[in-house]
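Working notes for the structure below.
The values are calculated or read from the model by the stated rules, or taken from the named source; none is laboratory data. Remember, predicted model here, so these are calculated numbers, not experimental data. With ideal geometry, Cβ positions are generated from the backbone for all residues, glycine too; neighbour counts draw on all protein chains shown. Accessible surface is based on the protein model in full, side chains and every heavy atom, while ligands, DNA and RNA are left aside. Shrake-Rupley method; radii C 1.70, N 1.55, O 1.52, S 1.80 Å.
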Amino acid sequence: MEDAIAAVRLFNRFYTRRVGALNQRFLGTELSLPEARLMFEIIHAERPLAAVELQKLLDMDAGYLSRVLSRFEARGWIVRAVGDGDARRRTIAATGAGRAIFDVVDKRQRDEVTQMLRSLAQAQQSDLVAALGTARTLLDPAPGRDYLIRPWRTGDLGLLAARQAILYREEYDWGLGLESNVAETAANFLKNFREGRDGGWIAEVAGAMAGSVLLTDEGEGLSRLRLLYVEPMARGRGIGEALVQRCLTFAREAGFTAMTLWTHAVLTSARRIYAAHGFEITETWTHDEFGPEVESEMWLAKL
């Protein structure tokens with residue numbers, strides 16, 4: 001914990017200095033960074049908001065917010081109006097002059113970030129996007145519904161194998177046997193991949209890998225679902241359900257007549273998804289290939 005605390009504080013000091021967050025005139029404009037953020041919310045709100053709503057949204061001191069809004073109004077950057085017929089609820093909207101001053105901030109900030117990223121190769125930019133998405137999702141536990149599911153691409157199989165080995169070690173104390181199994185499965189998928197018969201999908205949240213699933217052709221109309229997992233940071237969004245559904249849709253369109261999978265009794269969330277989609281247990285046994293003794297299961301669904 002102490003290492004994590006120190007790392008977060010170090011990054012905060014680095015980034016606030018890097019983006020000029022402490023400057024009274026942010027990016028050389030008439031706004032400080034908190035004022036620019038407030039104007040952003042006023043302009044981009046789906047509907048005009050009242051001061052109390054802006055205060056709650058930004059967790060901003062009510063007195064400070066009131067002073068800033070008074071300054072905006074005096075400058076002609078915002079107007080206040082009675083909303084929803086309630087005279088006590090004065091909504092706030094940006095004027096043309098307010099939008100113009102924000103456009104200056106927005107353009108300069110975009111130019112600054114562009115310059116910051118210019119020295120990074122495309123792969124490094126992708127790494128940065130994934131790292132920032134991971135950090136944001138880890139620190140914001142609210143399970144919003146936003147996620148993306150895309151086909152696998154170069155480099156994904158190694159990443160998903162590594163993440164599963166790490167997570168299963170942390171959650172179930174499964175060791176080298178599990179890591180060997182997922183690495184071999186990923187390697188065989190790459191080695192034997194056949195377009196239109198095998199498939200793989202990656203879930204992303206805010207640009208970060210959030211889960212995966214593979215499907216392979218087992219012959220004679222049988223497909224197999226493999227390596228389903230969802231990152232702890234991304235659970236509660238329905239990603240596991242969506243990944244299984246993607247496999248089932250692909251299998252039916254490809255003409256498979258059944259789907260099998262191997263799982264374990266302790267993976268209760270995944271088992272609920274399988275049962276909901278018509279999978280049934282066909283075989284059970286106990287093994288200690290991963291370290292601790294665990295109950296293993298084969299499931300099958302007709303398509």
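Details
- Approximate spin-label separation Asn192-Ala265, in nm, with each point projected 7 Å along Cα-to-Cβ: 2.9 nm
- For segment 166-235, trypsin sites (Lys or Arg not before Pro) meeting the loop criterion (DSSP other than H, G, I, E, B) and having at most 12 other Cβ atoms within 10 Å: Arg194.
- Counting only alpha carbon atoms, the long axis of helix 122-139 and the longest principal axis of the chain meet at about 80°.
- Tilt relative to the chain, helix 176-192 - C-alpha long axis, 0 to 90 degrees, to 10: 90 degrees
- Between Gln109, Gln55, Gln124, the residue with the greatest mean-square fluctuation in the GNM of the chain (Cα pairs under 10 Å linked by springs) is Gln55.
- Between the amide H of Ser32 and those of Phe26, distances stay under 5 Å, these residues lying 5 or more places away or on another chain, with hydrogens modeled in the peptide plane.
- The candidate values are (i) 0.95; (ii) 1.32; (iii) 1.28; the one derived from this structure for Cα Rg over 2.2 N^0.38 Å carries the label (ii).
- For the pair Ala121 and Leu222, label points projected 7 Å from Cα toward Cβ lie 4.3 nm apart.
- Taking amide H positions as modeled 1.01 Å from N, with prolines and chain starts lacking one, the residues under 5 Å from Arg89 and 5 or more places away or on another chain are Gly83.
- Under the Karplus curve 6.51 cos²θ - 1.76 cosθ + 1.60, θ = phi - 60°, whole-Hz ³J(HN,Hα) for segment 107-117, x wherever Gly or Pro sits: 5, 5, 5, 4, 4, 5, 5, 4, 5, 4, 8
- To put it simply, the accessible area of the chain at a 1.4 Å probe is 53 percent carbon and sulfur.
- Considering helices alone, the calculated mean residue ellipticity of the chain at 222 nm is -16000 deg cm²/dmol, with DSSP H runs of length four and up weighted by -39500 (n - 2.57) and normalised per residue.
- For segment 156-303, with +1 on Lys and Arg beta carbons and -1 on Asp and Glu, the positive-most of Tyr172, Trp262, Ala301 along the dipole: Ala301
- Our coupling estimate for segment 161-173, obtained by passing each phi through the Karplus curve with A = 6.51, B = -1.76, C = 1.60 and θ = phi - 60°, is 5, 5, 5, 5, 4, 5, 5, 5, 5, 5, 8, 10, 6 Hz, Gly and Pro reported as x.
- Each label point was placed 7 Å from the Cα along the Cα-to-Cβ direction; for Glu170 and Val129 their separation is 2.4 nm.
- Placing +1 on each Lys and Arg Cβ and -1 on each Asp and Glu Cβ, with no other charges, gives the chain a dipole about its Cα centre of roughly 1780 debye.
- Restriction of the GluC sites (Glu not before Pro) in segment 197-255 to DSSP coil positions whose beta-carbon has at most 13 other beta-carbons within 10 angstrom yields Glu220.
- Prolate/oblate/rounded call for segment 144-303, Cα gyration tensor, a/c under 1.5 rounded: rounded
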